[in-house]
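Sharing a structure, written as structure tokens. Questions coming.
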Amino acid sequence: VQLQASGGGLVQAGDSLRLSCASSDSFSPYGMGWFRQAPGKEREFVASITRSGLNRYYADSVKGRFIISRDNAQNTLWLQMNSLKPEDTAAYYCAATTKIVNSGRKNGRDYDYWGQGTQVTVSS
């Protein structure tokens, strides 16, 4: 499956952005996740969602501000990011896993397919 992430941009602290991740094929068989990587830092987990969309998991740093969602009919994944902070600045990647997303599936090595990154820059 090929994933295409979009929606990044330059915003000010406190603003919102909505990232999208479109799949070339049906992605209902896959658990989905968002990860991010800032310059000079390791890739980190942001959020994940089960195949059905019923269960969602978040990193503590984004809990209460970000919302992950999906529409299997549209083969699209979203990440609604609210109350953005400068520390949210990073390249954001969507990813798909054939493994069950239980307990969050927070390790990037568990994901089989990755989209290209979309850059989010938050100015203070």
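Among the candidates Asp25, Asp15, which residue alone is in contact (Cβ under 8 Å) with a residue 24 or more places away in the chain and under 19 Å from Tyr111 (Cβ atoms)? Write out each step before concluding.
Working: Asp15 fails: under 19 Å from Tyr111 (Cβ atoms).
On inspection, the qualifying residue turns out to be Asp25.
Here is a follow-up. Residues Arg18, Arg36: which one is buried (at least 20 other Cβ atoms within 10 Å of the Cβ), of a type in the set (D, E, K, R) and over 16 Å from Tyr113 (Cβ atoms)? Break it down stepwise before answering.
Working: Arg18 fails: buried (at least 20 other Cβ atoms within 10 Å of the Cβ).
It is Arg36.
Restricting attention to the range 54-74, which residues are surrounded by fewer than 20 Cβ atoms within 10 Å (Cβ to Cβ) and of a type in the set (A, V, I, L, M)?
If the condition is that a residue be surrounded by fewer than 20 Cβ atoms within 10 Å (Cβ to Cβ) and of a type in the set (A, V, I, L, M), then Leu54, Ala59, Ile67, Ala73 are the ones that fit.
Would you mind stating whether Asp88 is out of contact with any His (no Cβ under 9 Å at 6 or more places or on another chain), among the charged types (D, E, K, R) and open to solvent by less than 20 Å² (accessible area, probe 1.4 Å)? Step through it out loud before you land on a result.
Values: out of contact with any His (no Cβ under 9 Å at 6 or more places or on another chain): yes; among the charged types (D, E, K, R): yes; open to solvent by less than 20 Å² (accessible area, probe 1.4 Å): yes.
Taking the combined requirement at face value, the residue satisfies it.
Still on this model: If the requirement is being without any contact (Cβ under 8 Å) to a residue 40 or more places away in the chain and basic (Lys, Arg), which of these qualifies: Arg43, Arg65, Arg51, Arg36?
Being without any contact (Cβ under 8 Å) to a residue 40 or more places away in the chain and basic (Lys, Arg) holds for just one of Arg43, Arg65, Arg51, Arg36, which is Arg65.
Now for a separate question. Which condition number in (1) at pLDDT 95 or above; (2) touching a Ser or Thr at 6+ places or on another chain (Cβ under 9 Å) is the one that Ile100 fails?
It is condition (1) that Ile100 fails.
Taking only the range 39-50 into account, find how many residues are surrounded by 13 or more Cβ atoms within 10 Å (Cβ to Cβ) and either farther than 18 Å from Gln80 by Cα or hydrophobic (A, V, I, L, M, F, W, C) (or both).
Matching residues across the range 39-50 total 5.
The values are calculated or read from the model by the stated rules, or taken from the named source; none is laboratory data. For clarity, every value in this text was computed on a predicted model and none was experimentally measured. Please note: Cβ atoms are built from the backbone with ideal geometry, for glycine as well, and neighbour counts cover all protein chains shown. The area values use the complete protein model at the heavy-atom level, side chains included, leaving out ligands, DNA and RNA. Shrake-Rupley method; radii C 1.70, N 1.55, O 1.52, S 1.80 Å.
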